[in-house]
Amino acid sequence: MRMTRILPARRSLARCALAGALALATVLPAALPQPAQAQAQADPIAERKAGFKRMGGHLEAIKALLDNPAGLRAEAGRAADMQAFFTGVPALFPPGSDQGETRALPAIWSDRAGFEAAAGGAAAAAAKLQQAMAGGDTSAAAGAFRELGASCGTCHRGYRGR
């Protein structure tokens with residue numbers, strides 16, 4: 001087996017490449033989006049508050065589009081974001097996240113199956129809304145928007161305090 005000698009310039013280049021790879025390996029994981037469950041564990045109350053605030057903004061923007069549907073198709077991503085968020089909502093309410101500044105009712109944890117069904121209903125309604133918006137169907141989008149609003153109300157009445 002022949003041993004090759006690395007010249008000083010190549011050795012320096014190899015060290016730089018290795019240092020760059022190590023730096024990238026330590027920084028990159030923090031820069032990548034984390035799964036909802038991993039994010040939820042850090043501060044679930046803050047995460048769900050921010051998410052629900054974002055959902056409210058989406059609802060307001062979509063309502064305005066239904067009144068003037070010219071950009072309905074272009075904004076279908078809002079409904080897709082809502083579907084993804086509502087699908088992950090149960091993970092934002094892990095055991096023990098009922099303490100602190102939250103309006104979450106104890107029923108979230110005592111009636112977990114009902115809570116997950118309510119979140120699933122919101123995700124399904126958001127999927128219908130996204131499909132209608134992507135197709136530019138204003139009438140179907142309006143119906144799906146009402147359905148989504150009703151599913152939000154169902155969850156708020158049973159699982160959110162005032």
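Laid out as a table, the results:
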quantity	calculated
Sum of side-chain charges, Ser151 neighbourhood, beta-carbon under 12 Å (Lys, Arg +1; Asp, Glu -1)	+2
Kirkwood Rh, Cα atoms: Rg over Rh of the stretch 79-162	1.04
Per-selection metrics, the stretch 119-162 (Cα): Rg and Dmax in Å	11.4, 37
Table column - 3J(HN,Hα) (Hz), the stretch 126-141, Karplus curve with 6.51, -1.76, 1.60, x for Gly and Pro	5, 5, 4, 4, 4, 5, 5, 5, 4, x, x, 8, 4, 5, 5, 5
Trypsin sites (Lys or Arg not before Pro) within the stretch 47-134, DSSP loop, no more than 14 other Cβ atoms inside 10 Å	Arg103
Low-density loop positions, GluC sites (Glu not before Pro), the stretch 69-147 - DSSP coil, at most 14 other Cβ in 10 Å	Glu101
Qualifying lysines (Cα of each under 22 Å from Cα of Lys128; at least 8 residues distant if same chain)	Lys53, Lys63
Cβ charges +1 (Lys, Arg) and -1 (Asp, Glu), total dipole of the stretch 95-148, debye	120
Long-range amide H partners of Ala104 with built H, under 5 Å	Gly161
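Here, each number is a calculation from the coordinates, and none is a lab measurement. Given the structure is predicted, the values throughout are model-derived calculations rather than measurements. Glycine also receives a Cβ, built like all others from the backbone with ideal geometry; neighbour counts cover every protein chain displayed.
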